[in-house]
Amino acid sequence: MTSTQPAACDANRATSQPPGATPHPGPVLAATILASSLAFVDGSVVNVALPAIGRDLAGAAPDLQWVVNAYLLPLSALLLLGGAAGDRYGRRRLLVAGIVLFALASVLCAAAPSLPWLLAGRAAQGIGAAMLMPNSLAILGSSFTGEARGRAIGTWAAAGAIAGAIGPLAGGWLVDLIGWRAIFFVNLPIAAGAIFLALRYVGESTDDGTPLDWTGGILATAALGALTWGLTLRSTGPGGGAVLVVGAVLLIAFVAVEWRRGDGAMMPVSLFTRSFTGLTVLTLLLYGALGGLLLLLPYVLIKADHYSAFAAGAALLPLPITIGIASRAMGRLAAKTGSRLPLTVGPIVVAGGFLLAARIGSGGTYWTEVFPALVVISLGMAGAVAPLTTAVLGSVDAQHTGTASGFNSAVARTGGMVATALLGAALAAKGDALVAAFHMAAFVAAALALGAALAAFTLLEANRPGTK
């Protein structure tokens, strides 16, 4: 797929141009950053606000899980469909529609009179994010090439990290000063800026007329949804087994359908080369580990160490700031030397940070327990974020960048969602039991990060740049 800048009076007509030939690289990059930042900011802000939401809406531990999973479930389940739809019907079209839906859903969350209304708003946010996220990355991948792509992706990752830094801090301040409802209004100016830039500067990708694989999309969505729902039920009680079986059967059916459809599939099996498979395994393990720990850490700081929401948000600052500073350089490095080395070393460093996090809550101070762990984790993630994105976009042809980025994003969110679903017992614990559960989660996260490093080392090709 290709993109170019359409005339103002012809905004709805698709035109084409060689990949990487966008006439407005700066505004296009800004549009993709603002769009994806909606999802990044929302996730980090809500984690800090969970205790306040629970108090205001009388939510127990399972309810707090669903404040997170009501967003992550449709996001993970629909990302693959959102990316494939963009490849076929226009990436800018899907991007703008997703941003609009996300903004409207944020208003619903802010005005929610009860927990069911909040969960409905969160689910709508997840659907919007599933439309905007893969297409923002696909637009980025088709608008730049070679080392320029590496630099652009590094800038995108750095900006996302900065947004992640501002999110918890500003969110915690708003929760303490105004209330948790205010955090959802933060999304509205970001959405307005992204829509303006996308409509003004981002060209529409060509609609090739290929019908979308609706059967595969429905099966993938249902399978991911059932698996996540079953894991959530399983973590809070004896139920969920039957739902997990249904999810597994649907997943097998999805693979069978995609295999039979060949190149016409939404997720062609031919895309699963050795390297792409390695990137998929790495993403699932690394982001599962990170998502689970980052959900539990602010909760522990507030509940066990009596931090305010603002202080808990500020405590996480070393992570996004370090990633933001280092990601651009790592993107350039991966574009020149290949992704295997940074994607092997980065997760190993992350694992060391998780082991340091197992000391949190043992009687030390922020500077002796929390800060060192977050710095080490962030250094490792800085070595992985941009190279991973560069490698994924460079591992497929131009016609499937939306599908590939959607699939990889779905895998990342599924990893975080599975971790969230399995943390029900930890969220329900109090006092020393909560700290002990956090320590166990940190050890498990370290093991998962080491597994991610092993996947990169054994499955990725050595000394091969991650771009085409």
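One table, with the values for the structure above:
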{"read-out": "Karplus (6.51, -1.76, 1.60) ³J(HN,Hα), θ = phi - 60°, over the stretch 348-359, in Hz, Gly and Pro reported as x", "value": "5, 5, 4, 4, x, x, 5, 5, 5, 5, 5, 8"}
{"read-out": "The chain, accessible surface, carbon-and-sulfur percent (1.4 angstrom probe)", "value": "71 percent"}
{"read-out": "Accessible area in square angstrom per residue, the stretch 348-398, 1.4 angstrom probe", "value": "30 Å²"}
{"read-out": "15 Å beta-carbon shell around GLY216, net charge (K/R +1, D/E -1)", "value": "-1"}
{"read-out": "Segments 218-229, 372-383, 263-274 sorted - mean Cβ within 10 Å per residue, highest first", "value": "372-383, 218-229, 263-274"}
{"read-out": "Sum of -39500 (n - 2.57) over DSSP H runs of 4+, divided by residues of the chain (222 nm, nearest 500)", "value": "-26500 deg cm²/dmol"}
{"read-out": "Three-way shape call for the stretch 237-338 based on the alpha-carbon gyration tensor, with the a/c threshold at 1.5", "value": "oblate"}
{"read-out": "Per residue solvent-accessible surface (Å²) - the stretch 190-346, probe of 1.4 Å", "value": "42 Å²"}
{"read-out": "VAL100, VAL41, ranked by accessible area, largest first (probe 1.4 Å)", "value": "VAL100, VAL41"}
{"read-out": "Charge sum, other residues only, whose C-beta stays under 11 Å from GLY278's C-beta, Lys/Arg counted +1 and Asp/Glu -1", "value": "+1"}
{"read-out": "Burial ranking of peptide ranges 182-193, 443-454 (average Cβ count within 10 Å, highest at the top)", "value": "443-454, 182-193"}
{"read-out": "From phi via Karplus (6.51, -1.76, 1.60), per-residue ³J(HN,Hα) for the stretch 362-367 in Hz, x at Gly/Pro", "value": "9, x, x, 9, 4, 6"}
{"read-out": "Distance histogram for the stretch 308-371 (every C-alpha pair counted, 5 angstrom bins, percent rounded to whole numbers)", "value": "3, 14, 17, 23, 16, 12, 9, 5, 1, 0"}
{"read-out": "For SER339, residues with placed amide H under 5 Å, excluding near neighbours", "value": "ARG464, GLY466"}
{"read-out": "Environment charge of LEU72, counting only residues whose C-beta is closer than 10 Å and scoring Lys/Arg +1, Asp/Glu -1", "value": "+2"}
{"read-out": "Helix axis angle, 91-111 relative to the chain longest principal axis, alpha carbon, degrees", "value": "30 degrees"}
{"read-out": "For peptides 291-302, 358-369, sequence by mean Cβ density within 10 Å, most packed first", "value": "291-302, 358-369"}
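The values are calculated or read from the model by the stated rules, or taken from the named source; none is laboratory data. Since we're looking at a predicted model, the values are computed, not measured. With ideal geometry, Cβ positions are generated from the backbone for all residues, glycine too; neighbour counts draw on all protein chains shown. The accessibility values were calculated without ligands, DNA or RNA, using every heavy atom of the protein model including side chains. Shrake-Rupley method; radii C 1.70, N 1.55, O 1.52, S 1.80 Å.
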